[in-house]
Amino acid sequence: MLDIRLIRNDAAAVNAALKRRNPDLSVDDVVALDEQWRQLLHEEEELRSQRNALSKQVGELKRTGQNADELQEKTRLIGDRIKAIETEKETIEARQKELLHFIPNMPSEHTPTGTSEEDNVVVRTWGDEYKDRPWSGVTDHWDVGTKLGILDFERGVKVAQSRFSVIVGQGARLERALINYMLELHTQKGYTEVIPPFLVNPSAMFGTGQLPKFEQDMFQCKDDPLFLVPTAEVPVTNLYSDEILDEEQLPIYMTAYTPCFRREAGSAGKDTRGLIRQHQFNKVELVKLVHPETSAQEHMSLVEDAEAVLQGLKIPYRVIELCSADLGFSAARCFDLEVWMPAQGVYREISSCSNFLDFQARRANLKFRAKDTGRPTFLHTLNGSGLAVGRTLAAILENYQVAENTVRIPEVLQPYFGNQTELALHECIV
RNA sequence: GGAGAGGUGGCUGAGUGGACGAAAGCGGCUUCCUGCUAAGAAGUUGUCCGGCCUAAAACUGGACCGUGGGUUCGAAUCCCACCCUCUCCGCCA
């Protein structure tokens, strides 16, 4: 959520920033409502002040046994007017929220301006020397995964619905090894591992920006007001909501494995094959709560921490910076990691590392007490995938495919396989 | 799921219609004092939203005693609904 005071004081600058995302965005209506609202607030407070004074007099009269009927009547009328103004004010507040809650974050000054993902900027590429590792006839991850008997796309659909799959045998073990490997890597770098709830309430969803705009993208419980987490970002970022942390507690680094559940509404027909776009997938997430002055550099190191996973696995990737039009709702600046998928010869998103500045902190009420001013101050939040596990598994199936139906196990994962070096065929399902 | 108790400031905890933003204690901060890894004295101490102001502070108005409604001239206090916590019973990985 944007700061209403910033909007009030410099609507032109806010508009200019927002229009880099989308020319249709503007805070003009918010400003108009804000003016009305403040007018009403002023009136209301004036009346309340009067009522407080008069009520005190009523009490005084009654205590001394005098008649207060006239004064009571007068005060009652003021009460009626307060109620009327309150109603009007609430209407305006509701309309303003309706607008404000749907306005995305402003792109940072560093974010390149663009009109579509075409304008995203390649920052760097890594691991070109590993690109020739797969054999000449490399096949798609779903193909080799199915043939090896470690991916079962049909039975997943049978027990759930389309876009659900089953990982079997050595595939499941590989998925589990990846989760462990990632968590180990991150905790060694100082991230605290947390296992959060996989279901969260609407307030948490609002805090990180999924609600109200993206309600259709989430799975929702039928009998409880709870959503299945679309990413660990939601429970983990909200852990300290409505608290005022000490400045010494910052920065807070957390990493969490969770399954992620997304309805993928509106993406019908896109990436329907394989593990790329499932309703349920595993992800290890990195979350940082930091002092505002450090968030820019914390963002850079966050990206590096995500990159370390792919570097350890020796899988080629590139880092791109999202342009203003491609930024997520809450982000001010974002770098994506795209992993090399040799079967199709394309880079595929595998991580998204964002700096939200105080946008989420304001929604979730995440504060720390600043030493210099002594005031409660919004902190900055950042998060990044470290990494999407299913897509990493897919990348391994292609990048480590060395012959027909032969997939090697990356060195760093071999300890999780009793030092086995190659995925074995799973007889049970094939 | 059943029965009961309860949600007040950083913490403990008083407050059953008006002088309560809220006693007291603890903690924190400031100053003073004491020749010693500590004790004592005094003062101070929340959050949010407006106004004022170039801005901050100060000042000033308002709101906040789990949340949302209601009653009343006036609600921490009375009424209703919801949420949460604790205890006992039941069920259960």
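Any read-out appearing in this document is the output of simple, stated calculations on the displayed coordinates, not a laboratory observation. Not measured: the values here are computed from a predicted model. Please note: Cβ atoms are built from the backbone with ideal geometry, for glycine as well, and neighbour counts cover all protein chains shown.
Rounded to the nearest Hz, the phi-derived 3J(HN,Hα) couplings of region A:351-358 under the Karplus curve 6.51 cos²θ - 1.76 cosθ + 1.60 (θ = phi - 60°) are 7, 9, 10, 10, 10, 9, 6, 9, where x marks glycine and proline. The modelled label-to-label distance for the pair A:Glu193/A:Arg369, using points 7 Å beyond Cα in the direction of Cβ, is 3.4 nm. When a/c is below 1.5 the answer is rounded, else prolate if a/b is larger than b/c, else oblate, so apply that to region A:171-220 with a ≥ b ≥ c taken from the square roots of the Cα gyration tensor eigenvalues. It is prolate, given that a/c is not under 1.5 and a/b is the larger ratio. Stretching the chain fully between A:Ala53 and A:Ser162 yields a gain of 32.6 nm (0.36 nm per residue, less the alpha carbon separation). Based on every Cα atom in region A:112-229, Rg and the maximum pairwise Cα distance Dmax equal 19.8, 53 Å. Restrict the search to region A:70-140; then list the chymotrypsin sites (Phe, Trp or Tyr not before Pro) that DSSP places in a loop and that have at most 15 other Cβ atoms within 10 Å of their Cβ. Filter output for region A:70-140: A:Phe102, A:Trp135. Computed over region A:292-406, relative contact order equals 27 percent, with contacts defined as Cα pairs under 8 Å that lie 6+ residues apart. In straight-distance terms, cross-link reach from A:Lys62 covers every one of the lysines whose alpha-carbon lies under 18 Å from its own, apart from those fewer than eight places away in the same chain; here that gives A:Lys74. Entry for chain A at q = 0.11 Å⁻¹: log10 I(q)/I(0) = -0.90, Debye formula applied to identical alpha-carbon scatterers, no solvent contribution.
Show me the trypsin sites (Lys or Arg not before Pro) within region A:90-145 that DSSP assigns to loop and that have at most 14 other Cβ atoms within 10 Å of their Cβ.
Those satisfying the criteria are A:Lys131.
Building the convex hull from the alpha-carbon atoms of region A:1-149 and averaging its projection over directions returns 18.8 nm².
The alpha-carbon of A:Lys314 sits under 27 angstrom from the alpha-carbons of these lysines, leaving out residues fewer than 8 places away in its chain: A:Lys131, A:Lys147, A:Lys189, A:Lys283, A:Lys288. Across region A:8-64, counting alpha-carbon atoms alone, Rg and Dmax equal 21.0, 67 Å. What the Cβ-Cβ distance of A:Arg63 and A:Glu43 gives, at R0 = 41 Å and to the nearest 0.05, is a FRET efficiency of 0.85.
Distance between the C-alpha centres of region A:1-73 and region A:202-267: 31 Å, rounded to the whole angstrom. Using the Cβ of A:Ile179 as centre and a radius below 14 Å, the other residues enclosed give a net charge of 0, where K and R count +1 and D and E count -1. Please report how far the C-alpha centroid of region A:78-109 lies from that of region A:114-167, rounded to the nearest whole angstrom. Between the Cα centre of region A:78-109 and that of region A:114-167, the gap is 46 Å. Of the peptides A:115-121, A:351-357, A:238-244, A:221-227, the ranking by mean beta-carbon count within 10 Å, highest at the top, reads A:351-357, A:238-244, A:115-121, A:221-227. Between A:Asp223 and A:Arg124, the FRET efficiency estimated from the beta carbon spacing at R0 = 56 angstrom works out to 0.70.
Among the GluC sites (Glu not before Pro) within region A:323-430, those in coil by DSSP and having at most 13 neighbouring Cβ atoms inside 10 Å are A:Glu404, A:Glu427. Note on region A:344-406: the C-alpha convex hull projects to 6.7 nm² when averaged across all orientations. Spin-label model, A:Glu117 to A:Ala16: label points 7 Å out along the Cα-to-beta-carbon direction sit 3.1 nm apart. Distance between the 7 Å Cα→Cβ label points at A:Lys131 and A:Gln72: 8.7 nm.
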